[in-house]
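Working notes, structure below.
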């Protein structure tokens, strides 16, 4: 049984452990990796051998890796399999994945390696059965993650994109299947405008997903707190650098400052927001988030820093309620604790999970790092799901963009619309991979609802 | 009184006639039972065959050795190739037929077909033994035995006709409805439901004023439907159709009848087709439209009867009459027969297998409107396939199934049995994912050999396909090697203000430019014309299409390739879906109901996710 295409996926959960394994399977697995591996000709190497070298994309070095070769049929899937062991950074892994995809591979569907293994007679049914449950749970998880990932704005853009594409395709189909009808057909100008709109929307989406936005930009952490709660000091301590201007005068940080912190291979983008005071609105003043609101809303995690000496239990509850009502994921950090003192625990008796630190003295700041990591890995911001859904979406959107370009060219070359429809079908397919399948019924529904069809 | 037949076909409409012909031509003894010998192959609705997507189907029927194409060619009064301005995949032949000539030609062809017997009676029930159909019982009490039974009941099963507040039992106006079969099959566990369709009034041509209408002429060249050399009318002999429009006055008049309309009074439960709405539906749903197009279609050479296409209605006759008289050209219109709506039983087609055999009762086949389709072409092609498979089953031979990438017929049957339908199903080209492959010009190249190997398509057809293939290859080879100098073709590009060529190019490559056709090349490069062998036009055209659209054709062939893995994975009949624990509940229910035969089919069932198919894939083989 031969599959035409070669698939790739991350075989290890990223961010955990020092090494990540990227696995390829299929006809071109070795050929594709060989292109990126200049130090040796992998095509001439024996099966079951290991090769150390640099993985390069053009001239850019991606990583120093170990490549393991398994030639068919002696591999997990029964096809040619290559496993690339690279460093554990999600950023590097994502970059390698993207490069491999650009070289003619596609991201594997959940369980696809196992599926190929099963169909090539490499697994028996008992094994396959066990895997099937796993696939389902994986799919469910990634579906949830994808939904969570595509928060607010994205899902709106996607549904607009979907509707516009259905409309566009329906207008094309209208003039094909219903050319004899007495209805107003879209002219090329109208179609051109529509396609440009579609291209624009796709570009926005591509940018936002590009190279796994979350990975590239890290997990966004907004450091929120009242003026002079010690936000800049904490940032500096976390980074061991003296970046933000620190002073005793409240409101020293004039703008938001962004810094990247690597905790055990996961990138965190820490955003220090100015704790701007607002003279007129006490409620907002109390949690100091007035201008930080946007940053907060965008953040994956909110780190709420407060001065234990000046913050009452009520103040803290107000802040917590604010975060809860906005469904934010938050970490509470009490600052300026001079020593471990049960007094503070008693002060905030009705609030659990507060980290008590001293940013200035670098006391217990490590706990903050541990918490951030734990939240990122175990929480809803599931790194595995995030990367994979992003890579999938990215791949699908990239292909969508290519199809749209071909449609645009077809339109400007005055190609017959049934031939343009071929590319539209592709475009629908790729968008369907993200938004759910778009069928012929969707087009017909549009046509019959908008146009009076039929003799 | 009756011998045991191989195949009994119940009903002699488009589906029944094709079923009888194909089974008999394959060697089965066939009994065709119809309630009325005078109405064999009636065009119950408009007197036309083909059209977009439907024309392609008729070509496919012909390529497989069915009769519909030949009958249409022999009975046409007008021919048009629709969508000529689009790519070749969209070209769709359509013909106006002489309604009576169409029916008599069909009957003659059937009478001349060996092994077809006829009997006039109503079939009341199917004889079933051990879940296997083995004959029929008629209204006159005859028990007739057979190895297979094909039911093509059209609109006759419990048919109810509505005209205004009048409600009449009947399968067509002034014809009796058929009863018994639905009740028997439902008793056995079949699911049945109601559908609705409608038809417009027929009027007297002598009462119309054509000067107030637009004329719609036939093409200058008649291509026809059959790949065989059937003698057709000359282009100059064609009859014209006419176009006129309703107006707001007509709409207002129609509205006065709404309170007596069976649709709006809720007396019709069946679902009608969205693409074939009644005129009252159109003015109701698209109130902003000031007019609707009407096609005035002659019913034949020797009759003044006119079919008012676009005016399908079930409003009271007086309203039909008054409203029609407000249409330009219809001021003095005389109605011959009023329009009406008809409701009838159908059996949701997810109860069928790919051969159109029912899953519950073996050797029982359904074709046509009983499966929820609409249209002569849709019915005829199912009849052909059911007839073939009824024969195959009776003779213990393997089933004959067409894939989605092989024919519109394959798309139609796969859609029906995998997705079912909740309105009368009509073919659209957009339903076919491989539209560029499924063209009207290559149905013979796609299908004739398959049918020939089966024993249905004749030697003559096969020879013609061979010649066509060989000639096309020869032509393509010439085009691939023939160089054209810039000075030969540049005058053309200058003329149309297109980029000039700077060095010599192969003819095949020039042909890829959007503004270059074969005829431009032949016109500007006489050398090329001289280099070509003398071949008929359709072969030249075939070569042109294959060369010019090569990129698109290849693209779709790649898609077919990609899908074929799923299509080739057969799901065992006894597969136990309940063991697939990880599958979504919706998919599980659908799989159990539809019992997809391949993973490809499973993937097309609505509500089934790709991950469900993947999981199924892993579990398969159990």
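Odds and ends about this structure:
- Averaged over the residues of B:273-279, the number of partner chain Cβ atoms lying within 10 Å of the residue Cβ comes to 4.
- Interatomic Cα distance distribution for the protein assembly as shown, bins of 20 angstrom, percent: 11, 33, 32, 17, 6, 0
- Dividing the convex hull volume of the alpha carbon atoms of segment B:504-599 by its residue count gives 178 Å³ per residue.
- Beta bridges per DSSP with both ends in the protein assembly as shown, % antiparallel, nearest 5: 65 percent
- With one equal scatterer per alpha carbon and no solvent term, the Debye-computed log10 I(q)/I(0) for segment B:459-556 at 0.10, 0.15, 0.16, 0.24 1/Å reads -0.29, -0.61, -0.69, -1.31.
- Taking the alpha carbon gyration tensor of segment B:203-352, multiplying each eigenvalue by 5 and rooting it gives semi-axes of 30, 24, 14 Å, largest first.
- Exposure proxy order (Cβ contacts within 10 Å, fewest to most) of A:450, A:109: A:450, A:109
- Ratio of Rg to Rh over segment B:64-183 (Cα coordinates, Kirkwood Rh, two decimals): 1.07
- Ordering B:444, A:182 from the fewest to the most neighbouring beta carbons within 10 Å gives A:182, B:444.
- Semi-axis lengths, largest first, of the ellipsoid equivalent to segment B:175-245 are 41, 23, 11 Å, with √(5λ) applied to each eigenvalue of the Cα gyration tensor.
- Cα→Cβ-extended label distance, 7 Å offset, between residue B:318 and residue B:215, nm: 3.9 nm
- Shielding score for A:170-183, defined as the mean number of other chain Cβ atoms within 10 Å: 5
- Counting only other chain Cβ atoms within 10 Å of each residue's Cβ, the peptide B:432-445 averages 1.
- Over all pairs of different C-alpha atoms, segment B:569-619 has a mean inverse distance whose reciprocal, the Kirkwood radius, equals 10.5 Å.
- As a proxy for reagent exposure, ranking B:359, B:504 by other Cβ atoms within 10 Å from fewest up yields B:504, B:359.
- Histogrammed with a bin width of 10 Å, the alpha carbon distances of segment B:139-270 distribute as 8, 22, 23, 25, 18, 4 percent, first bin at zero.
- Residue-averaged 222 nm ellipticity for the protein assembly as shown, from DSSP H runs of 4+ at -39500 (n - 2.57), nearest 500: -13000 deg cm²/dmol
- Average Cα contact separation per residue, chain B, under 8 Å, 6 or more apart, as relative contact order %: 17 percent
- Over all pairs of different C-alpha atoms, segment A:7-122 has a mean inverse distance whose reciprocal, the Kirkwood radius, equals 14.0 Å.
- Between residue A:298 and residue A:449, the distance separating the two model label sites (each 7 Å from Cα on the Cα→Cβ line) works out to 3.4 nm.
- Fully extended contour minus Cα-Cα distance, from residue B:290 to residue B:174, at 0.36 nm per residue: 38.3 nm
- FRET efficiency for the pair residue B:117 and residue A:189, taken as 1/(1 + (r/R0)^6) with r the Cβ-Cβ distance and R0 = 41 Å, rounds to 0.10.
- Here is the tail figure for chain B: Cα pairs spaced more than 46 Å apart come to 21 percent of all pairs.
We did not get these values from a lab; they are worked out from the coordinates using the rules stated. Please read these numbers as outputs of a predicted model, since none were measured by experiment. So basically every Cβ, Gly included, is an ideal-geometry build from the backbone, and we count neighbours across all protein chains shown.
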